[in-house]
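Student: Okay, here's the structure, questions in a sec.
Coordinate-derived values only; no laboratory data. Quick caveat, the model's predicted, so the values are computed rather than measured. Virtual Cβ from ideal backbone geometry, glycine too; neighbours counted across all protein chains shown.
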Amino acid sequence: MTHSGKWHGKRCYFGLHYDLHAGAQDTRLGLHCSPRELVPALRLMGPQWVQTDCKGHPGMTSWFSRVENATVSPGVKKDALLGWRRATRELGLPLHCHYSGLWDAAAAEKRPEWAVVPNPAQPPAEDAWSPARQKMCPRGGYLEGLLIPQMLELIDRYEVDGFWVDGEIWAVEFCYCERCRAAFTEETGLAEPPTDLSDPHWVQWQEFQRRSFYDYVARYVAAVHAHKPGVLVTSNWMNTFKDPGEPRVETDWISGDTLLGLDPIRCEARFISTRGRPWDLMTWNFYRVAGPGDRAHPHCPKSVNMLKQEAATILALGGNFQIYENPPNLRDGRLIDWRMKRMGEVGRWVKARRSFCQGSQMYPQAAVLHSEHHFRSQPCRDLYFSTDVAPVEGAVFALLENHLSVDILDEWALLPRLSDFPLVVVPEQDGMSEEAVQAMATYVRSGGRLLVTGAEMYDRLGKDLLGARSVKQEEATHFVPAEEGRVALYSRSWRLLKPTTGRALGQLSRTPLLDQELLPYPAAVLNRVGSGAVVYVPCDLFRFFRENRHVGIRSLVGALVKALKPALDLEVQGPSAVDVVLRRQGGRVLVHLINRTSGLPTEPPARAVDEIPEVGPISLRLRLPAPPSKVRLLGEKGDLDWGWSEGALWAQVPRLHIHAAVAVG
């Protein structure tokens, strides 16, 4: 049975994360971390749990650690952690430590035998995220020699309530030390690990590194739980969108920090919410136009509206929400009142939504398959940044812009409840398991509606299910039918088809002309199998949409879904920038509406969202077994017009600012 996780209860819904990553150049750490200073600032924000600085990527503590092999920053003047513990005790708040795990520069310098041995065939990366020889080998002595002893020290001396471990799956570098080489040889029988992505054994090596990481996390989680049950532990970005598959390590909750805007949040929330554990996402209180280290583009604080907009999807999918704060050029631990007040305004907005967001459950409509088998079959340089999720993202974005309520599920989550979904989308997942292939065929024959994309999916699902025969494959840009004409669509691999039992949907062409330069091949094929149907698009449709976001491709996706005629309970009409989330909560149904627009120009380098224009009207039709007893608009003010006819509720929301929900029942 999968571990269901633990959390501090319903009262912990809105949190603060504060870290400094103490280093050798610091001189004033802890000078402004007394309860006298922290308590008033925390009251301005009103967080319900706090994560504070402990040990960052430089590997230096911001408290006076007594553990052997510890490195205390020379800039520690007062015990900041003691001040945070006393302040949170006074306010009755749980206190977590931000602790950098595998990324520890000081430990690498002090105990080089613990560090990763880089790929001997490639020079080590030297960028902000992969500095050479600063990452720990998960099979080395670091875990028992420093990480676990320091966690137990923090529990015993400060009675901390949890650990948010950073620098983890996203910081993993493949290790070629003698320990890892010997273990890989014992597992696989291969004399040497591969050193190049093109090696046929690279994926085995990659998955060996993943298992090494999982085992490392499991060991420190078990040590903390054994030492003091009730202390919670999570590993940043583990069990999230870029780590699909059954969650096997018994972390207590799932969490990740995101700084890149709404798109990652839209996917992360839809995936993490299927993991069966408490979860949150953390957005940064600031943004920057360029990457780290660019002095010409410093961090700027986000507007209140921008933070609310980022929170909306997280809340609608049932997650908790926290904000990361790190005031620039202040290394003494102080919090800035005006920034805390602004985050407090966000917090009040978040807490006002708890009654109709917290504890909600999935209402199955459109499922996008994010196959862990396909994901892990792709050779990658690391376990996070170089992974390829573009087709899944493209499918999610295209469906959302057609106002479908979308969930992202891997095979572990989807296959046991496949029949619950009126529509299933498989976006270029040709590495999916044989079990999933058979399940999809059964799903269609039993009445399901399946949308499949990708040239290689022809070989996985077969001509009988797809209703066409393959003529040839090519790299090409073809023009496909769109709402107002034809639009160009590039695919690295395009399979040209002749329908057999299927019916052609549209026709490919060489140009934008509507009735000339046509090719004798369909843009897609609709095939009816048993009591269900499948639409097959034999190209990288969703990868292309992820990169281009063209309105013509959006309209094509909408037309393909309509051709399948899935028995969706919810239909929504409104601006394409409105995301829809359909959820259940107790005995009622909630239709969440999220406005993603911005009042600023879309040309780079603009990243800020400030004045969010209202949009509307938004019309919806929700099939129900009986007339509803109550229909209300929650979250924003407005007159909700609604009625009941022909087995469905119809309603119209005149205007939407950021986030509202139509509550039925």
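Student: Once a ≥ b ≥ c are taken as the square roots of the eigenvalues of the Cα gyration tensor of segment 4-69, is the result rounded (a/c under 1.5), prolate (a/b larger than b/c) or oblate (a/b not larger than b/c)? The partial results should precede the final answer.
Tutor: Values: a/c = 2.58, a/b = 1.41, b/c = 1.83.
Oblate shape, in that a/c is at least 1.5 and b/c is the bigger or equal ratio.
Student: Something else about it: Can you tell me the length gained on complete extension of the stretch Glu345 to Lys637, counting 0.36 nm per residue apart and subtracting the Cα distance? Mind showing how you got there, number by number?
Tutor: Details: separation 292, 0.36 × 292 = 105.12 nm, distance 1.76 nm.
Using 0.36 nm per residue and subtracting the Cα-Cα distance, I get 103.4 nm.
Student: Which ordering of Lys463, Lys472 is given by a fewest-first count of other beta-carbon atoms within 10 Å? Walk me through the intermediate numbers first.
Tutor: Numbers: Lys463 17, Lys472 9.
With the fewest neighbours first, Lys463, Lys472 line up as Lys472, Lys463.
Student: Which length gain, in nm to one decimal place, applies between Arg655 and Ile336 when the Cα-Cα distance is subtracted from 0.36 nm times their residue separation?
Tutor: Numbers: separation 319, 0.36 × 319 = 114.84 nm, distance 3.50 nm.
Extending this stretch completely gives an extra 111.3 nm.
Student: Given (1) 92, 59, 53; (2) 76, 68, 50; (3) 162, 52, 52, which label gives Cα extents along the principal axes in Å as computed from the coordinates?
Tutor: Working out Cα extents along the principal axes in Å from the coordinates points to (2).
Student: Any lysines with Cα under 19 Å of the Lys135 Cα? List them, leaving off those in the same chain fewer than 8 positions away.
Tutor: Partners within reach: Lys55, Lys110.
Student: Same structure, new question: Taking 8 Å as the Cα distance limit and 6 or more residues as the minimum spacing, I'd like the relative contact order of the chain as a percentage. Walk me through the numbers before you get to the answer.
Tutor: Values: 1520 pairs, mean separation 74.2, N = 665.
After rounding, I find 11 percent.
Student: Taking the Cα atoms only, what angle lies between the long axis of helix 337-351 and the longest principal axis of the chain, rounded to 10 degrees?
Tutor: On a 0 to 90 degree scale, this one is about 50.
Student: In segment 576-665, which GluC sites (Glu not before Pro) are in a loop and have at most 11 other Cβ atoms within 10 Å, using DSSP for the loop call?
Tutor: Details: sites: Glu611, Glu614, Glu636, Glu646; in loops: Glu611, Glu614, Glu636, Glu646.
Hits after loop and neighbour filter: Glu611, Glu646.
Student: Sticking with this one: Give the separation of the Cα centroids, segment 201-215 to segment 460-527, in Å.
Tutor: Between the Cα centre of segment 201-215 and that of segment 460-527, the gap is 39 Å.
Student: Compute the length gained on full extension between Thr188 and Gln358: take 0.36 nm times their separation in residues and subtract their Cα-Cα distance, giving the result in nm to one decimal.
Tutor: Working: separation 170, 0.36 × 170 = 61.20 nm, distance 4.55 nm.
Extra length available between Thr188 and Gln358 comes to 56.6 nm.
Student: I've got another one for you. Is there a quick way to get the dipole size of segment 570-664? I mean about its Cα centre, with the Cβ of Lys and Arg at +1 and of Asp and Glu at -1; what is the value in debye to the nearest 20? If you can, show how the numbers build up before the last one.
Tutor: Working: 11 positive and 10 negative charges, 105 e Å.
Using only the charged Cβ atoms, the result is roughly 500 debye.
Student: Could you point to the residue in Asn69, Thr195, Ser629 farthest towards the positive end of the chain's charge dipole, with +1 and -1 charges on the Cβ of Lys/Arg and Asp/Glu respectively?
Tutor: Positive-end residue among those listed: Ser629.
Student: Any idea what the dipole of the chain comes to, in debye rounded to 20, about its Cα centre with Lys/Arg Cβ at +1 and Asp/Glu Cβ at -1? Walk me through the intermediate numbers first.
Tutor: Values: 77 positive and 77 negative charges, 398 e Å.
So the magnitude is around 1920 debye.
Student: Sticking with the crude label model, points 7 Å out along Cα→Cβ, report the distance from Arg584 to Arg492 in nm, one decimal please.
Tutor: About 4.0 nm separates the two model spin labels.
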